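Working notes for the structure below.
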Amino acid sequence: MQVISQRKFQKGFVGILLPLIIIILVAGIGFFVWQKSSGTQPISLNKESTGRTEGWTEKGIAIAGKYADADVVDIGGGKFRMYYSAEPETPGFQGQVYSAVSTDGEKWTKESGTRITQAIFPSVIKLPDGQFRMYFQDAQDIKSAISTDGLTWEREGGVRVDASNIAGITFRGVLAPTVIKTDNDYLMIYAGAIDQPYEKEKVPNKETHPLLWATSKDGLTFEKKGIALDSRNETFKGWMDGPELVAWDDKTIRLYFWGYFGIFQSTYRNGVFSEPEFAFYGPNYDPNMLFPSSPPGDPTLAKIGNTWNMYYGYHTKGIFRATLNK
């Protein structure tokens with residue numbers, strides 16, 4: 001079998017300990033390309049229905065290198081900052097998060113230094129008082145850090161979300177948080193890692209990931225609400241990852257995430273998440289693959305000027321960009 005060229009399976013901070021790195025690489029990044037087997041057909045996609053339902057156009061690379069897990073925040077003054085993580089294959093990997101700035105969403109200038117370590121899947125929001133808070137995965141939990149300038153970060157005490165839940169599921173850990181400030185509270189979506197593969201079909205991953213949600217009044221203490229979207233079905237075959245919450249032009253809140261077949265989106269209204277719809281496949285569409293290689297991973301969206309941008313990871317090659325057609 002051929003290893004799929006899409007990293008997006010960093011399942012917990014591996015720090016500097018080699019045994020933990022090995023565990024993460026084996027359990028999380030072992031994503032293989034599986035050819036179509038008898039009696040099983042790939043999800044119904046084609047060039048006309050691959051999510052080009054929203055008309056996304058690929059624009060090429062934004063940040064080159066072994067990077068993934070991007071998140072973009074408006075820092076004011078017409079500038080945007082992208083936070084992104086080192087991939088675990090990177091020499092000296094310590095869960096580093098880096099940053100770059102842009103005024104047009106196309107050209108990004110890397111900023112020197114490391115923003116924070118021992119952090120994976122950064123999600124950054126600007127607080128009402130002008131500070132920034134970063135939510136991230138550290139080991140099997142979701143934690144946070146605070147910053148006055150978006151460059152120097154101080155970890156906040158405690159755990160924002162752990163693996164316990166009200167859905168009665170045993171999770172190995174939780175991962176890939178995304179947080180947005182609503183009118184009334186903070187809304188978080190995150191993935192839970194069930195330590196077994198999807199049972200009804202032979203799939204690439206040894207874990208199953210449904211998406212869960214929680215809310216908070218202060219952004220620190222979260223109340224768990226249960227499952228937001230369940231991946232344990234024939235459409236997603238146990239895999240949802242890298243969620244991204246975004247406030248859309250029509251004032252609704254959208255949830256984007258990636259699965260085996262590309263990027264999907266759902267709409268959040270009054271505590272309910274709509275049935276996911278296909279949004280974008282990326283540059284490597286192959287209708288003949290049951291589990292296509294290199295789907296776009298961990299999307300983040302930002303409207304810069306009048307253009308909606310989607311940034312996504314492409315294993316070992318960097319952060320890529322697509323724009324929404326007008």
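The table that follows gives values for the structure above.
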item: Residue match in segment 197-207 (condition: assigned to a strand (DSSP E or B), over 13 Å from the mean Cα position of the chain (by Cα) and not small (Gly, Ala, Ser)); result: no
item: Checking residue 229 against (1) touching a Leu at 6+ places or on another chain (Cβ under 6 Å); (2) over 22 Å from residue 117 (Cα atoms); (3) open to solvent by less than 10 Å² (accessible area, probe 1.4 Å), the condition it does not meet; result: (3)
item: Positions within segment 181-201 being in contact (Cβ under 8 Å) with a residue 60 or more places away in the chain, of a type outside the set (D, E, K, R) and surrounded by fewer than 19 Cβ atoms within 10 Å (Cβ to Cβ), in sequence order; result: 182
item: Complete set of residues in segment 145-163 that are in a loop (DSSP other than H, G, I, E, B) and closer than 23 Å to residue 192 by Cβ; result: 156, 158, 159, 160, 162, 163
item: Residue satisfying condition, being surrounded by fewer than 23 Cβ atoms within 10 Å (Cβ to Cβ) and of a type in the set (Ser, Thr, Tyr), within set 268, 260; result: 268
item: Selected residue (only one of 250, 298 is without any contact (Cβ under 8 Å) to a residue 24 or more places away in the chain and either more than 24 Å from residue 160 (Cβ to Cβ) or under 14 Å from the mean Cα position of the chain (by Cα) (or both)); result: 250
item: Whichever residue in segment 126-177 is hydrophobic (A, V, I, L, M, F, W, C) and free of Cβ contacts under 8 Å to residues at least 40 places away in the same chain and, among such residues, is nearest to residue 191 (Cα to Cα); result: 174
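Yes/no matrix, rows are residues, columns are (1) crowded, with 24+ Cβ neighbours inside 10 Å; (2) at pLDDT 95 or above; (3) in contact with a Ser or Thr (Cβ under 8 Å, 6 or more places away or on another chain):
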residue: 159; (1), (2), (3): no, yes, no
residue: 173; (1), (2), (3): no, yes, no
residue: 203; (1), (2), (3): no, no, no
residue: 209; (1), (2), (3): yes, yes, yes
residue: 240; (1), (2), (3): yes, yes, yes
residue: 243; (1), (2), (3): yes, yes, yes
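Here's the yes/no breakdown for (1) open to solvent by 30 Å² or more (accessible area, probe 1.4 Å); (2) under 21 Å from residue 297 (Cα atoms); (3) not in a strand (DSSP E or B):
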{"site": "91", "(1), (2), (3)": "yes, no, yes"}
{"site": "125", "(1), (2), (3)": "no, yes, no"}
{"site": "128", "(1), (2), (3)": "yes, no, yes"}
{"site": "137", "(1), (2), (3)": "no, yes, no"}
{"site": "143", "(1), (2), (3)": "yes, no, no"}
{"site": "165", "(1), (2), (3)": "yes, no, yes"}
{"site": "179", "(1), (2), (3)": "no, yes, no"}
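The values are calculated or read from the model by the stated rules, or taken from the named source; none is laboratory data. As the structure is a computational prediction, the values presented were derived from the model and not from experiment. A quick note on method: Cβ atoms are made from the backbone with ideal geometry, for glycine too, and the neighbour counts reach across all protein chains shown. Note: areas computed on protein heavy atoms with side chains; ligands, DNA, RNA excluded. Shrake-Rupley method; radii C 1.70, N 1.55, O 1.52, S 1.80 Å.
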